Amino acid sequence: MDSEESKELSSLYMIIVEIESILTGVCYKFVPMDEFKEIKKINEMQFFYWNEIIQRLHLSGVTTILRLKKWYEAVDCAYKSKNYYGFCTSLRGLLEACSDSFYSIGKVLIPISENFSKIKIALDGKAEFVLLSEELENELIHYIYGRNLSADEREVFESSHKAKHIREYLNSIQSESLSKLYSELCQVSHPSLMSFSPFLLETSNDELLLHGQFVDESLNNKILKEYRTTIYDTTLFALGPALCSLKLVNLLAGTFLQVLKTEEKALEILNSHDLWIRLEEIINS
């Protein structure tokens, strides 16, 4: 996107691209539940338990960044092709992805920071205590596996696997502007009067005009002009927690989790980020 309305978003996209270029592939490994239950030593049980939590934290942060990049590219592609439907549906997908990441990752950062020293001991294999967090497990599992479950799946999987209504994710950001934008986008992607905007005008209460003008570009720019700050801020609601999660992984990852470490260059943006400053204060308190 290269219009005046989208310059700010283009700059943010380039930051995401730069971060994404530094990320590397990882193979996540989890211990089968039946094997985990057989572990008798506390230090071993705590090691594997928190190892898996931190792997899932890393996975959540990385996939948030990768997903943001993909959605931005989808929005950009629709914008450049001047396709109003494609632009609105892609933008809707971006907002949903951002709110999903914020909803789940945002809930785990503070508890992990509050228990940072104990988690570090557990990951070093030296724990003589039992520290468990079902809430952390469920939030990270929900982020990765949350979906619409079939009737058969509901009999097998825990509630953490069940996707919540999208409004619950969106409301976690608490933005009236975001709610308003999302509502408009839904009216375009679902049958409604607004979905006819590219070819139908309501000129009065008693008159509709079927026109032959190509107005997709102006419709797209109208959305960007009114909501670019909302789109920018919503993206940061996902990107900030994602990068904080990778920063936490860097600080916690011992020898066994070295492969999860992210080059600090990708995390430099956090140096003055309010959320990371708060987490660092919690860790050091």
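The values are calculated or read from the model by the stated rules, or taken from the named source; none is laboratory data. Because the structure is predicted, anything quoted here is derived from the model rather than measured. In this analysis, Cβ positions are derived from the backbone assuming ideal geometry, glycine residues included, and neighbour counts consider all displayed protein chains.
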Practice problem: Output the qualifying pairs, or none if there are none: Cβ atoms under 8 angstrom, residues six or more apart or on different chains, first residue in region 209-233 and of a type in the set (Lys, Arg), second residue modelled with pLDDT under 95. | Solution: Lys225/Glu5; Arg228/Glu5; Arg228/Ser6; Arg228/Glu8; Arg228/Leu9
Exercise. Check off (1) closer than 22 Å to Tyr182 by Cα; (2) over 18 Å from the mean Cα position of the chain (by Cα) for Thr234 and give me the number that stays unchecked.
Key: (2)
Practice problem: Give me a count of the residues in region 140-191 that are over 21 Å from Gly93 (Cα atoms), assigned to a helix (DSSP H, G or I) and either acidic (Asp, Glu) or modelled with pLDDT of 95 or more (or both). | Solution: 3
Quiz prompt | Of the criteria (1) farther than 28 Å from Lys162 by Cα; (2) outside any loop (DSSP other than H, G, I, E, B), which one Leu68 fails | solution = (1)
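Take Ile65 and decide whether it is surrounded by 20 or more Cβ atoms within 10 Å (Cβ to Cβ), under 20 Å from Tyr143 (Cα atoms), touching a residue at least 24 places away in the same chain (Cβ under 8 Å) and aliphatic (A, V, I, L, M). Even if it seems obvious, please write down each step before you answer.
Numbers: surrounded by 20 or more Cβ atoms within 10 Å (Cβ to Cβ): yes; under 20 Å from Tyr143 (Cα atoms): yes; touching a residue at least 24 places away in the same chain (Cβ under 8 Å): yes; aliphatic (A, V, I, L, M): yes.
So Ile65 fits the description; yes.
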Quiz item: In region 17-27, is there at least one residue being among the polar types (S, T, N, Q), surrounded by fewer than 18 Cβ atoms within 10 Å (Cβ to Cβ) and in a helix (DSSP H, G or I)?
Solution: yes
Exercise. Hey, can you tell me all the residues within region 224-266 that are of a type in the set (Ser, Thr, Tyr) and outside any helix (DSSP H, G or I)?
Key: Thr262
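For every residue, the table says whether it meets (1) out of contact with any Leu (no Cβ under 8 Å at 6 or more places or on another chain); (2) modelled with pLDDT of 90 or more.
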position: Glu4; (1), (2): yes, no
position: Met14; (1), (2): yes, yes
position: Ile19; (1), (2): no, yes
position: Ile22; (1), (2): yes, yes
position: Gly25; (1), (2): yes, no
position: Met33; (1), (2): yes, no
position: Lys40; (1), (2): yes, yes
position: Tyr49; (1), (2): no, yes
position: Ile53; (1), (2): no, yes
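Looking only at region 234-242, decide whether some residue is hydrophobic (A, V, I, L, M, F, W, C), in contact with a Gly (Cβ under 7 Å, 6 or more places away or on another chain) and in contact (Cβ under 8 Å) with a residue 24 or more places away in the chain.
Quick first cut of region 234-242, residues hydrophobic (A, V, I, L, M, F, W, C) only: 236-239, 242.
Now drop any that are not in contact with a Gly (Cβ under 7 Å, 6 or more places away or on another chain), which leaves 242.
Among the residues that remain, those that are also in contact (Cβ under 8 Å) with a residue 24 or more places away in the chain are: 242.
Checked region 234-242: at least one residue is hydrophobic (A, V, I, L, M, F, W, C), in contact with a Gly (Cβ under 7 Å, 6 or more places away or on another chain) and in contact (Cβ under 8 Å) with a residue 24 or more places away in the chain.
From Phe102, Phe87, Phe129, which residue is in a loop (DSSP other than H, G, I, E, B), hydrophobic (A, V, I, L, M, F, W, C) and either farther than 25 Å from Asp274 by Cα or touching a helix residue (DSSP H, G or I) at 6+ places or on another chain (Cβ under 7 Å) (or both)? Let's see the steps before the verdict.
On the way: Phe102 fails: in a loop (DSSP other than H, G, I, E, B); Phe87 fails: in a loop (DSSP other than H, G, I, E, B).
It is Phe129.
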Self-check item: Checklist (1) outside any helix (DSSP H, G or I); (2) of a type in the set (A, V, I, L, M); (3) closer than 22 Å to Asn220 by Cβ applied to Ile39, failing item
Solution: (3)
Exercise. Look at region 28-42 and say how many of its residues are in contact (Cβ under 8 Å) with a residue 12 or more places away in the chain, surrounded by 10 or more Cβ atoms within 10 Å (Cβ to Cβ) and not β-branched (Val, Ile, Thr).
Key: 3
Quiz item: Among the residues of region 43-50, is any more than 24 Å from Ile121 (Cα to Cα), among the aromatic types (Phe, Trp, Tyr) and surrounded by 21 or more Cβ atoms within 10 Å (Cβ to Cβ)?
Solution: no
Practice problem: Could you tell me whether Ile269 is free of Cβ contacts under 8 Å to residues at least 60 places away in the same chain, assigned to a helix (DSSP H, G or I), touching a Leu at 6+ places or on another chain (Cβ under 9 Å) and surrounded by fewer than 21 Cβ atoms within 10 Å (Cβ to Cβ)? | Solution: no
Exercise. Please find, within region 192-210, the residue that is farthest from the chain's Cα centre (by Cα) out of those that are part of a loop (DSSP other than H, G, I, E, B) and surrounded by 11 or more Cβ atoms within 10 Å (Cβ to Cβ).
Key: Phe199
